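Okay, structure first, notes after.
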Amino acid sequence: MFGEKVCKVQLIPEHKMNIIEVSNITKNYKVSKGKSSFQGLLSSLLKNEYSVVNALKGVSFNVKEGDICGVIGLNGAGKSTLIKILTGAMYPTSGSCVVNSKVPYKEREIYVDKIGVVFGQRSQLLWDLPVKHSFVILRHIYRIEKKKFEDNLEYFTKIMGIDKFIDTPVRMLSLGQRMRAEIVSTLLHDPKLLFLDEPTIGLDLIAKSTIRRAIKQLSEEKGTTVILTSHDLDDIDVLCDQLVVLDSGKVIHDGNKSDFINKFRSNKKIVVEVDGQLDLKQLSKNPLKEASIVADNTYSIEVDEQTQKLSEMLKELVNELPIVDLSIEENSLEDIVHSLYH
Amino acid sequence: MAELIKIYLRVIAYRLYGAAQYKMDFLVGMLGLLVQQLIILILLFTIFSGIDSLGGLTLNQVLFMIGLGQLVRGLDIAYNDYIWVEAFGGFSEGSLYQYLTRPMPIYLQILMNRVNTESVGPIAIGIALLAVSIHRLNVEFNVNDFLVLAYFIFTGAVILFSLKLIVASLSLWWGRSGELMQVIHEFVEFTRYPVSIYGWILQSVLLVFIPFGLVSFIPTLYWIESVPIPLFSVPAESRKLAILAYVTSISIIYFLLGSYVWRKGLQSTANTGT
Ligand SMILES: Nc1ncnc2c1ncn2[C@@H]1O[C@H](COP(=O)(O)OP(=O)(O)OP(=O)(O)O)[C@@H](O)[C@H]1O
Ligand SMILES: [Mg+2]
């Protein structure tokens with residue numbers, strides 16, 4: 001009885017602590033202008049000739065313990081840079097962050113003991129050896145007790161569905177299989193935080209959904225805080241409690257997912273191509289009056305599904321216009337980033 | 001520290017177990033190194049068929065020197081081989097990022113990545129040559145001498161380690177430094193013969209700047225009083241002490257230099273990104 005009460009108190013979300021606090025982080029990369037790397041070194045020593053890339057321009061946000069936080073943004077927005085700072089691999093130029101009560105880049109060795117990092121584009125597993133082999137080596141590196149290791153191996157192998165190829169050399173795995181093995185390898189030591197930089201990049205729908213389901217389960221059952229970057233809006237839809245949108249090194253949206261869904265994901269676009277002879281102004285009812293022109297004779301119409309019925313819009317369009325082609329599209333990341341400015 | 005060594009040994013043991021699955025690779029690699037060693041020895045015997053001493057050293061003394069050199073290099077190949085990969089690849093594809101996100105010193109992780117089993121060849125030949133030459137030298141080799149020999153094996157390993165560390169660290173700025181490492185490594189070839197046969201320029205390179213001469217040649221002189229130490233003049237009575245001091249200080253200087261450049265390099269990548 002008593003135990004239950006304690007449990008309930010802990011489950012109230014207001015009691016969740018911030019496990020990540022990022023305040024006003026900037027990161028400037030100096031890019032040497034010299035061509036070859038050796039020349040680059042010399043010229044940067046002699047003339048200080050370089051250009052500066054402002055990858056992060058004052059980024060602040062917090063993440064609550066146990067939440068899944070998605071960081072999205074277009075190419076070059078600064079997602080990987082942010083992850084590198086949060087995982088302790090890089091210093092910020094200014095500003096600071098505290099993760100799990102530590103400053104990552106100042107107490108690297110102690111800090112990384114409690115985190116897991118997956119880097120979508122690069123394998124951390126031993127290429128020529130069976131998957132299991134890498135796991136055993138990680139067991140030693142993280143000093144995982146044998147019992148805990150075996151329990152975790154069984155648990156994660158099951159939720160990621162990698163048992164069929166755990167004895168196969170990594171080089172023989174498909175990208176999706178490898179990524180799942182990759183994620184398992186970062187979880188065996190029970191990290192409090194899991195950082196995933198584009199975990200679903202290049203994967204097919206089935207692999208993506210397996211990974212999403214497993215991350216969700218991990219978060220629910222183990223209470224692991226997850227930070228993931230992605231280009232894929234579905235990742236955010238399915239997984240995240242919190243969403244941070246980065247654009248050119250700035251946070252342009254920080255909030256919970258449902259705000260975001262209501263604002264953007266329930267909206268759709270109808271794209272129609274009409275017969276070129278059409279004179280729009282002649283039409284009695286003009287369904288295209290809100291439309292924007294995408295290309296010659298091609299128009300895009302926003303539909304807010306909360307106030308408009310998609311089917312009625314379609315009926316209207318088909319009745320009124322000499323349509324050559326028609327498609328229904330979801331808002332893309334570009335659309336969302338664009339509209340966040342307005 | 002003890003904890004780290006334990007982890008290191010466990011991982012190494014597990015890697016050896018993994019490597020055991022590639023017996024063919026191992027045999028081929030071993031054979032290659034053995035042939036290489038044999039060629040060196042045959043060359044040496046050919047040289048000595050015409051002369052009695054080379055740079056003041058007899059055949060047996062040269063065999064001792066080569067034995068010591070092979071043993072030290074064998075040990076270096078055994079535990080410190082993977083740094084070549086990182087120097088050539090310039091810590092490519094985020095391998096540094098991976099090291100940075102694991103709770104261990106970075107260099108130890110690099111060492112852990114490979115045990116080169118082919119090193120068995122040079123190590124065995126090194127020990128054999130040392131045993132044979134010590135036996136045939138007809139000098140009294142007591143416990144102290146063996147301790148000094150063990151010390152020279154250690155300092156030799158430190159010198160090789162430090163030189164590789166310095167050059168590999170440069171790849172943290174340059175992107176890669178494998179080629180430079182290769183060039184410097186070529187100088188090891190000069191230590192197959194007594195450094196005393198070379199001119200002063202090459203001698204100073206081998207005894208100060210790329211101090212491979214301190215791996216086997218200078219230690220050998222500890223036991224051969226008739227050959228003067230090149231570049232330095234030392235009174236006979238303090239000769240042994242001088243050799244110990246010389247070898248010790250060069251090892252320490254290069255080790256400190258190596259760890260300084262390495263730390264600077266890591267700091268630089270923490271600023272510029274990996
Ligand atoms: N090591 C580096 N040196 C110099 N500039 C860099 C470095 N790493 C990243 N940049 C630059 O910083 C900016 C942010 O890059 P970052 O990799 O963080 O973006 P990203 O959001 O992860 O992009 P993507 O979606 O393509 O992975 C880019 O303009 C990039 O060119
Ligand atoms: Mg990125």
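Miscellaneous remarks
- Close pairs (6 angstrom Cβ cut-off, 6 or more residues apart or separate chains): without any contact (Cβ under 8 Å) to a residue 40 or more places away in the chain in the range A:228-254, more than 16 Å from ligand 1 (Cβ to nearest atom) anywhere: A:Val238/A:Arg212
- Residue match in the range A:156-167 (condition: of a type in the set (S, T, N, Q) and open to solvent by 30 Å² or more (accessible area, probe 1.4 Å)): no
- Contact map, the range B:263-274: residues that are within 7 Å of chain A (Cβ to nearest Cβ) paired with residues that are aliphatic (A, V, I, L, M) and near ligand 1 (Cβ under 10 Å from one of its atoms), Cβ distance under 8 Å, separation 6+ or inter-chain. Pairs shown: B:Ala270/A:Met90; B:Asn271/A:Met90; B:Gly273/A:Met90; B:Thr274/A:Met90.
- Taking the range A:73-101 as the range and being more than 21 Å from B:Gly273 (Cβ to Cβ) and more than 14 Å from chain B (Cβ to nearest Cβ) as the test, the residues that pass are A:Val98, A:Ser101.
- Among the criteria (1) farther than 26 Å from B:Leu108 by Cα; (2) among the β-branched types (Val, Ile, Thr); (3) at the interface with chain A (Cβ under 10 Å from one of its Cβ atoms), the one B:Ile7 does not fulfil is (1).
- Restricting the range B:100-132 to residues that are β-branched (Val, Ile, Thr) and within 14 Å of another protein chain (Cβ to nearest Cβ), the residue that is nearest to B:Tyr14 (Cα to Cα): B:Val115
- Within the option set B:Pro235, B:Pro230, B:Pro194, B:Pro211, being in contact with a Gly (Cβ under 7 Å, 6 or more places away or on another chain) and over 22 Å from B:Leu111 (Cα atoms) holds for one residue only, B:Pro194.
- Of the residues making up the range A:70-101, those that are more than 16 Å from ligand 2 (Cβ to nearest atom), open to solvent by 10 Å² or more (accessible area, probe 1.4 Å) and in contact (Cβ under 8 Å) with a residue 12 or more places away in the chain are A:Tyr91, A:Pro92, A:Thr93, A:Ser94, A:Gly95, A:Ser96, A:Val98, A:Asn100.
- Criterion (within 14 Å of another protein chain (Cβ to nearest Cβ) and within 16 Å of ligand 1 (Cβ to nearest atom)) met by exactly one of A:Ile227, A:Ile236, A:Ile252: A:Ile227
- Of all residues making up the range A:118-168, the number that are facing chain B (nearest Cβ under 10 Å), assigned to a helix (DSSP H, G or I) and of a type in the set (D, E, K, R): 1
- Against the criterion of being exposed (fewer than 13 other Cβ atoms within 10 Å of the Cβ) and within 14 Å of chain A (Cβ to nearest Cβ), B:Tyr97 does not qualify.
- Unmet criterion (only one of (1) buried (at least 20 other Cβ atoms within 10 Å of the Cβ); (2) more than 14 Å from chain A (Cβ to nearest Cβ)) for B:Trp84: (1)
- Residues of the range B:222-251 that are touching a residue at least 24 places away in the same chain (Cβ under 8 Å), more than 23 Å from B:Ile201 (Cβ to Cβ) and open to solvent by 30 Å² or more (accessible area, probe 1.4 Å): B:Trp223, B:Ser226, B:Leu244, B:Thr248.
- Number of positions in the range B:171-210 that are of a type in the set (A, V, I, L, M), within 14 Å of chain A (Cβ to nearest Cβ) and buried (at least 20 other Cβ atoms within 10 Å of the Cβ): 1
- Taking the range A:223-342 as the region of interest, the strands (runs of 3 or more DSSP E) fully inside it that hold 1 or more residues being within 27 Å of A:Gly116 (Cα to Cα) and modelled with pLDDT of 80 or more are A:225-230, A:242-247, A:250-256.
- Residue that is nearest to the other protein chains (Cβ to nearest Cβ), among those in the range A:102-117 that are surrounded by fewer than 20 Cβ atoms within 10 Å (Cβ to Cβ) and not charged (D, E, K, R): A:Ile110
- Of residues in the range A:110-163 being among the small types (Gly, Ala, Ser) and modelled with pLDDT under 95, the one farthest from the chain's Cα centre (by Cα): A:Ser134
- Here A:Gly66 meets each of (1) open to solvent by 10 Å² or more (accessible area, probe 1.4 Å); (2) in contact (Cβ under 8 Å) with a residue 40 or more places away in the chain; (3) more than 12 Å from ligand 1 (Cβ to nearest atom); (4) assigned to a helix (DSSP H, G or I) with one exception, condition (4).
- Residues in the range A:170-203 that are surrounded by fewer than 24 Cβ atoms within 10 Å (Cβ to Cβ), of a type outside the set (A, V, I, L, M, F, W, C) and away from ligand 1 (no atom under 16 Å from the Cβ): A:Arg171, A:Ser174, A:Gly176, A:Gln177, A:Arg178, A:Ser185, A:Thr186, A:His189, A:Asp190, A:Pro191, A:Lys192.
- Number of positions in the range A:296-314 that are among the small types (Gly, Ala, Ser) and crowded, with 17+ Cβ neighbours inside 10 Å: 1
The values are calculated or read from the model by the stated rules, or taken from the named source; none is laboratory data. Note that this is a predicted model, so its numbers are computed, not measured. For neighbour counting, all protein chains shown are included, and Cβ atoms are generated from backbone atoms with ideal geometry for every residue, glycine included. Only protein heavy atoms, including side chains, enter the accessible area calculation; ligands, DNA and RNA are left aside. Shrake-Rupley method; radii C 1.70, N 1.55, O 1.52, S 1.80 Å.
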